[in-house]
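To start, the structure under review is shown below, and the notes come after it.
The values are calculated or read from the model by the stated rules, or taken from the named source; none is laboratory data. Quantities reported herein were computed from a predicted structural model and do not represent experimental measurements. Cβ atoms come from the backbone with ideal geometry, glycine included; neighbour counts cover every protein chain shown.
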Amino acid sequence: MTRESNRSGIAPPSPGIRDVSRVAGVSITTVSRVLNNSVIPSEATRRKVLEAVEKVGYRPDPLFSAALRRHRSGRGVEPVKTKTIGFLIMRGLQEAAHRRHEDYYSRVLSAVWNVASKQRYHVMFAEVDAGESRVPDLVAENRVDGLLVEAELSAALRKVLVHRLPTVFIDRTYADLAADAVVTDYVQAVTDVLGYLWQLGHRQIALFSDTVDRFYNHESLEGFHRFYESRGLPLLCPELSQPQDIHPEINDQVIDAYLTRLWSTKPRPTAVVAVSNVYAEFMLAHLAKMRRVVPRDLSVASLNDLSVTDIPVHPALTSYRASMDRIGASAAELLLQRIRDPQRPTFRLLVSGRMIERASCGPPPDTSELDLP
């Protein structure tokens, strides 16, 4: 009979965190804090726990030994990698996106996976809530060597992640963080969408954006102003193109008030471009209630082809579609470069997409009809 078996021939249970606690003479909570790299009472306690881990042979998962050795590596010692990257996404967004665009996230995830697997890396996927401030488990437990982030996290958590791990943000960037980012070229998106409407004959075009501190709102407004300046024209309805103070609880009220103002503006805009499909879909629903016909009375377009609402969309919405496979592949490549060379300069990579022409846009109404109730 060997040490690995008992009289019945059944292997004894693997050592657990309670065994580490007993051998180290500390609480289970203290052991957990040490293993998760959280704040601990003292360096002496940390050493005691790590020695107990080795003594009892505690191994919670296959990545543990690499993560533990990395945690224990001192200065001048090359950290041991887990050969795994993490991918954080907003909770519920993937499921909502798949209801309307089954290939949207499969394209970005497939691109990330392909790039990672070619360099012998694994990918761990995790969902987080909007504004999340808690450090995700895959980071706290040292399971990943770097992160891809396609989620709106709290400012505090963003700083923690960038300080702790190589991090690449997808479709968002932050002026206060020295971090890589891969983003849709929203200036180009606005230029393409406005150019399309211009060819249809529209001159009085409004941009619906929000006050959320995100990259695409600033870039969209920049592109909007550049487009009119390049044609030597002022914005014909600037008050309607100011960022709107909006959030999910008041979407209906804000968009209803916005369309009411739009219809009372003289000369009235003949087209509106929303920075998000969510806003554009709310507009289509409100216009239907107002008994306005799209695109006969007003053309509506969006700078984002991702729909995550259950609002019936009619007519089909003209949108700008981001190249998700290029974004996913570029983000993964930037992250692996950052893991190999943490000191290299940061990059913000712009990726262009393409216009998807659908039925929500058409020629403007006759100017004689614009002031009709």
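Side notes on the structure shown:
- Checked against (1) surrounded by fewer than 23 Cβ atoms within 10 Å (Cβ to Cβ); (2) in the same structural domain as PRO243 (by TED's automatic domain parsing); (3) at pLDDT 90 or above; (4) in contact with a strand residue (DSSP E or B) (Cβ under 9 Å, 6 or more places away or on another chain), MET290 passes all but condition (4).
- Every condition in (1) within 20 Å of the chain's Cα centre (by Cα); (2) of a type in the set (D, E, K, R); (3) modelled with pLDDT of 90 or more holds for ASP210 except the one numbered (3).
- Yes/no for ASN251 being surrounded by fewer than 21 Cβ atoms within 10 Å (Cβ to Cβ), modelled with pLDDT under 90 and touching a Phe, Trp or Tyr at 6+ places or on another chain (Cβ under 7 Å): yes
Rundown of residues vs (1) touching a strand residue (DSSP E or B) at 6+ places or on another chain (Cβ under 6 Å); (2) loosely packed, with under 13 Cβ neighbours inside 10 Å; (3) modelled with pLDDT under 85; (4) not hydroxyl-bearing (Ser, Thr, Tyr), yes/no style:
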site	(1), (2), (3), (4)
VAL193	yes, no, no, yes
LEU197	yes, no, no, yes
ALA206	yes, no, no, yes
GLY223	no, no, no, yes
LEU236	no, no, yes, yes
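- Test result for ASP192, acidic (Asp, Glu) and under 18 Å from GLU333 (Cβ atoms): no
- Within the range 215-260, being farther than 16 Å from VAL190 by Cα and among the charged types (D, E, K, R) holds for GLU239, ASP245, GLU249, ASP252, ASP256.
- Taken together, the residues in the range 330-352 that are buried (at least 16 other Cβ atoms within 10 Å of the Cβ), among the aliphatic types (A, V, I, L, M) and out of contact with any helix residue (DSSP H, G or I) (no Cβ under 6 Å at 6 or more places or on another chain) amount to 5.
- Scanning the range 114-149 for residues that are under 20 Å from the mean Cα position of the chain (by Cα) and charged (D, E, K, R) yields GLU127, ASP129, GLU132, ARG134, ASP137, ASP145.
- When every residue of the range 217-224 is checked against the conditions, at least one turns out to be under 30 Å from LEU177 (Cβ atoms) and among the polar types (S, T, N, Q).
- Residue match in the range 253-263 (condition: over 17 Å from the mean Cα position of the chain (by Cα) and among the charged types (D, E, K, R)): yes
- Comparison of LEU148, LEU157 shows that the only residue that is assigned by TED's automatic domain parsing to the domain that holds ARG172, at pLDDT 85 or above, at negative phi and touching a Leu at 6+ places or on another chain (Cβ under 9 Å) is LEU148.
- Matching option when the condition is modelled with pLDDT under 90 and surrounded by 18 or more Cβ atoms within 10 Å (Cβ to Cβ), among PRO79, PRO136: PRO136
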